[in-house]
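Reading through the structure tokens given below for one structure.
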Amino acid sequence: MALTRDDVQRAARLARIAIDEREADEVLGQLGRIFGMIEQMQAVDVSGVEPMSHAQEVTLRLREDAVTEPDQHALFQAIAPKVGEGLYLVPKVIE
């Protein structure tokens, strides 16, 4: 599908972008090159290529899911203005 200057101007109008004739011609050339590159990529046979989630073979180093910090719940709640049943109480701001 070949783009025309009218297509570029219509897209610019829909995007609410002010564009003059010279800019429309520039954008038309740029879009033509972009679509040409897309056509080249679509022409490549990738039927034997397995999909991958990352461009490199990356494995995450996992650590044991264990608590590493001491429980300071009581210490933190000791300095809170209001606490009730282990929860921080705050003033109601929305009625």
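Where a number appears in this text, it was derived from the coordinates with a stated rule and is not lab data. Note that the structure is a prediction, hence the values are computed from the model and not measured. Positions of Cβ are backbone-derived with ideal geometry, glycine not excepted, and every protein chain shown enters the neighbour counts.
Let's see how each residue does on (1) loosely packed, with under 10 Cβ neighbours inside 10 Å; (2) assigned to a loop (DSSP other than H, G, I, E, B); (3) of a type in the set (A, V, I, L, M):
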residue: Ala11; (1), (2), (3): no, no, yes
residue: Ala18; (1), (2), (3): yes, yes, yes
residue: Gln56; (1), (2), (3): yes, yes, no
residue: Glu69; (1), (2), (3): yes, yes, no
residue: Leu75; (1), (2), (3): yes, no, yes
residue: Ala80; (1), (2), (3): no, yes, yes
residue: Glu95; (1), (2), (3): yes, yes, no
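Could you list, in sequence order, the residues of segment 20-46 that are acidic (Asp, Glu) and surrounded by 11 or more Cβ atoms within 10 Å (Cβ to Cβ)?
Glu23, Asp25, Glu26
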